[in-house]
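**Student:** Pasting a structure here, questions to come.
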Amino acid sequence: QVQLVESGGGLVQAGGSLRLSCAASGRAFSGNAVAWFRQAPGKAREFVAALSRSGIRYYADSVKGRFTISRDNTGNTVYLQMNSLKPEDTAVYYCAAPGTTLIGVSNIRLPGSYAYWGQGTQVTVSS
């Protein structure tokens, strides 16, 4: 039922910035947690950032201090602001939502907690 569409990816030099957007059908992000994951070639999908129902932000250690997750409930859009990008940030980035399932803080970083996923947007950081 829920469809998520990411945008904003592209090519950027190391040290640059990008702002990713995720638009959801209906009001999928209203009162729900939301997360960003990424997957590089040959690697498993990994957690990047999440925003809980209570407004608490969680980040992977590798992106702390550089990335910021936020959401606009009015526009039903979630954002990932990425600053000081590094070549190792190169990956396809996906937004995700849990649907009707309530996610505890112990599971908010797990891909299996999310029922809805976007198609992904490519981020490439050159050295």
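The values are calculated or read from the model by the stated rules, or taken from the named source; none is laboratory data. Nothing here was measured: the structure is a model prediction, and the numbers come from that model. Positions of Cβ are generated from backbone atoms using ideal geometry, with glycine treated the same way; all protein chains shown enter the neighbour counts. The area values use the complete protein model at the heavy-atom level, side chains included, leaving out ligands, DNA and RNA. Shrake-Rupley method; radii C 1.70, N 1.55, O 1.52, S 1.80 Å.
**Student:** Test of understanding: among R53, R57, which residue is within 19 Å of S113 (Cα to Cα) and modelled with pLDDT under 95?
**Tutor:** Numbers: R57 fails: modelled with pLDDT under 95.
Just one listed residue meets the conditions, R53.
**Student:** On the basis of being in contact with a strand residue (DSSP E or B) (Cβ under 8 Å, 6 or more places away or on another chain) and either at pLDDT below 95 or open to solvent by 60 Å² or more (accessible area, probe 1.4 Å) (or both), does P98 make the cut?
**Tutor:** So P98 fits the description; yes.
**Student:** Ok, one more. For the stretch 26-50, how many residues meet the condition of being at pLDDT 90 or above and crowded, with 21+ Cβ neighbours inside 10 Å?
**Tutor:** Step one: list which residues in the stretch 26-50 are at pLDDT 90 or above, which gives 34-50.
This time we only want the ones that are crowded, with 21+ Cβ neighbours inside 10 Å, so: 34-38, 48-50.
Residues flagged as at pLDDT 90 or above and crowded, with 21+ Cβ neighbours inside 10 Å within the stretch 26-50 amount to 8.
**Student:** Continuing with the same structure: Could you please give the count of residues in the stretch 10-60 that are more than 12 Å from D89 (Cα to Cα), in contact with a Ser or Thr (Cβ under 6 Å, 6 or more places away or on another chain) and not in a strand (DSSP E or B)?
**Tutor:** So the answer is 1.
**Student:** Moving on. Is there any pair with a first residue in the stretch 30-41 that is within 19 Å of M82 (Cβ to Cβ) and a second that is open to solvent by 30 Å² or more (accessible area, probe 1.4 Å) and part of a loop (DSSP other than H, G, I, E, B) whose Cβ atoms are under 6 Å apart and which are 6 or more apart or on different chains, and what are they?
**Tutor:** F37/R45; Q39/R45
**Student:** Just to be sure, is R71 in contact (Cβ under 8 Å) with a residue 12 or more places away in the chain, open to solvent by 40 Å² or more (accessible area, probe 1.4 Å) and more than 19 Å from R19 (Cα to Cα)? Lay out the reasoning, then the answer.
**Tutor:** Numbers: in contact (Cβ under 8 Å) with a residue 12 or more places away in the chain: yes; open to solvent by 40 Å² or more (accessible area, probe 1.4 Å): yes; more than 19 Å from R19 (Cα to Cα): no.
Taking the combined requirement at face value, the residue does not satisfy it.
**Student:** Right, something else. Looking at the stretch 74-85, which of the residues that are at pLDDT below 95 and either aliphatic (A, V, I, L, M) or touching a Phe, Trp or Tyr at 6+ places or on another chain (Cβ under 8 Å) (or both) is surrounded by the fewest Cβ atoms within 10 Å (Cβ to Cβ)?
**Tutor:** Residues of the stretch 74-85 at pLDDT below 95: 74-78.
Add one more test, that the residue is either aliphatic (A, V, I, L, M) or touching a Phe, Trp or Tyr at 6+ places or on another chain (Cβ under 8 Å) (or both), and what stays is 76-78.
Numbers: N76: 16, T77: 18, V78: 28.
Looking at the filtered set, the residue picked out is N76.
**Student:** If you don't mind, there's one more thing I want to ask. Taking the conditions exactly as written (of a type outside the set (K, R) and either within 14 Å of the chain's Cα centre (by Cα) or under 22 Å from G9 (Cα atoms) (or both)), does G65 satisfy them or not? It would help to see each step written out before you state the result.
**Tutor:** Values: of a type outside the set (K, R): yes; either within 14 Å of the chain's Cα centre (by Cα) or under 22 Å from G9 (Cα atoms) (or both): yes.
In short, yes.
**Student:** Being closer than 18 Å to N76 by Cα and among the polar types (S, T, N, Q) is the filter; apply it to the stretch 1-25 and report the residue that is surrounded by the most Cβ atoms within 10 Å (Cβ to Cβ). Let's see the steps before the verdict.
**Tutor:** Going through the stretch 1-25, the residues closer than 18 Å to N76 by Cα turn out to be 1-8, 19-25.
The next check asks that each one be among the polar types (S, T, N, Q); those that pass are 1, 3, 7, 21, 25.
Details: Q1: 9, Q3: 13, S7: 13, S21: 17, S25: 12.
Restricting to residues being closer than 18 Å to N76 by Cα and among the polar types (S, T, N, Q), the top hit is S21.
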